[in-house]
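Chemist: Questions regarding the structure given below will be posed in turn.
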Amino acid sequence: MGKYIYTYIENGQMYDKSPSLAELLAKEGLSCEKIVTGRIEYIKVKDFETRIKDAQWLVFTSKNAVAGFVYNMREIVCAGELDCECALNGDSVEAFDVRSGFSDGIKIAVVGSKTKEDLRTACGFEADFVSYKSTGLELGRSLMNIAAGKIVYLCAEVTSGSLETAMKEYENLIKIPVYRNEPVDYDGMEYDSRNCGDIDGIIVTSGSSGERIKWLIDRLDDVLVYSIGPACSKKLKEAGIVQERIVEAEKHTYDGLVEAVRCRADEKPVNDI
């Protein structure tokens, strides 16, 4: 089978035990190389415990939001501790019993089963509601029907806006950014100087990554661009990528991306269609 370039955002989530995208692609016999398009940095939120303690719902739409939550809770539970590296890593969460400090009856909603697993692995919490589609839009629509009271949305500094759009009529939605996706410098000259004729597709794992490698997508104008989901596809189209080039994963996960690539592995180049 062919060779693919995939976007990669660096982060420090030591608890993430799930297979990487590269591992999943290799399992299908697909050759790949990554291009680093960003780095996750966690945001220390002032008065974090106070801002979330009276919430009726905590909402997560990504593993990075879960990690940002863990980062801030670790700051709280480790205050004054000399050695607190293992706090909130899933294995030791019972010793801290963090959730007991929240308001009575607080619930947690997440986007898709993967974020549910990330939440469980990171801090031992079980989600009370999981959207059946892995999109912020679907989760937002569901919350409009089932939620009441203060909803705290733990999110990126810059979001796709999907959940907010679905919940625009909700009066008590509080956004708390807990991480940011910072661009990184990479050697574009490497791709300018090399022969990319052996590349059969570009796999894009987020909208921001798609925007940052638009130059490469333009250069490889005869290959398909694989998108992880609707928000990513929207960003690609806004950047000028034509719809005909975009293959959107039906399941908005790494597994879904690999399935999309596998199913289209024998597809002819776009210019030949």
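The values are calculated or read from the model by the stated rules, or taken from the named source; none is laboratory data. Not measured: the values here are computed from a predicted model. Cβ placement follows ideal geometry from the backbone for every residue including glycine, while neighbour counts extend to all protein chains displayed.
Chemist: Condition first: touching a residue at least 60 places away in the same chain (Cβ under 8 Å) and of a type in the set (Lys, Arg). Now tell me which residues in the stretch 121-164 satisfy that.
Modeler: Within the stretch 121-164, Lys133, Lys150 qualify.
Chemist: Would you pick out the residues in the stretch 129-145 that are over 17 Å from Glu164 (Cβ atoms) and modelled with pLDDT of 95 or more?
Modeler: Once the filter is applied, which keeps residues that are over 17 Å from Glu164 (Cβ atoms) and modelled with pLDDT of 95 or more, the stretch 129-145 yields Phe129, Val130.
Chemist: Could you check the stretch 150-179 and list, in sequence order, the residues that are in a strand (DSSP E or B) and more than 14 Å from Val59 (Cβ to Cβ)? Steps first, please.
Modeler: In the first step, residues of the stretch 150-179 are kept if they are in a strand (DSSP E or B); the result is 151-156, 173-179.
Within the stretch 150-179, Tyr179 is the sole residue that qualifies.
Chemist: Please tell me if Lys46 is basic (Lys, Arg), part of a loop (DSSP other than H, G, I, E, B) and modelled with pLDDT of 75 or more. If you could, list the steps in order and put the result at the bottom.
Modeler: Numbers: basic (Lys, Arg): yes; part of a loop (DSSP other than H, G, I, E, B): yes; modelled with pLDDT of 75 or more: yes.
Yes; evaluated as a whole, the condition is true for this residue.
Chemist: Tell me yes or no: at least one residue of the stretch 4-12 is under 23 Å from the mean Cα position of the chain (by Cα), modelled with pLDDT under 85 and closer than 30 Å to Leu216 by Cβ.
Modeler: Going through the stretch 4-12, the residues under 23 Å from the mean Cα position of the chain (by Cα) turn out to be 4-12.
So of that shortlist, the ones also modelled with pLDDT under 85 come out as 11-12.
Now drop any that are not closer than 30 Å to Leu216 by Cβ, which leaves 11-12.
Checking the stretch 4-12: at least one residue is under 23 Å from the mean Cα position of the chain (by Cα), modelled with pLDDT under 85 and closer than 30 Å to Leu216 by Cβ.
Chemist: Just give me the residues in the stretch 132-149 being small (Gly, Ala, Ser) and either closer than 17 Å to Glu171 by Cα or assigned to a loop (DSSP other than H, G, I, E, B) (or both), in sequence order. Explain how you work it out, then say what you get.
Modeler: First, pick out the residues of the stretch 132-149 that are small (Gly, Ala, Ser): 134, 136, 140, 142, 147-149.
Residues satisfying the conditions are Ser134, Gly140, Ser142, Ala147, Ala148, Gly149.
Chemist: Could you go through the stretch 116-131 and let me know if any residue there is among the hydroxyl-bearing types (Ser, Thr, Tyr), out of contact with any strand residue (DSSP E or B) (no Cβ under 6 Å at 6 or more places or on another chain), surrounded by 21 or more Cβ atoms within 10 Å (Cβ to Cβ) and outside any strand (DSSP E or B).
Modeler: Looking through the stretch 116-131, none of the residues is among the hydroxyl-bearing types (Ser, Thr, Tyr), out of contact with any strand residue (DSSP E or B) (no Cβ under 6 Å at 6 or more places or on another chain), surrounded by 21 or more Cβ atoms within 10 Å (Cβ to Cβ) and outside any strand (DSSP E or B).
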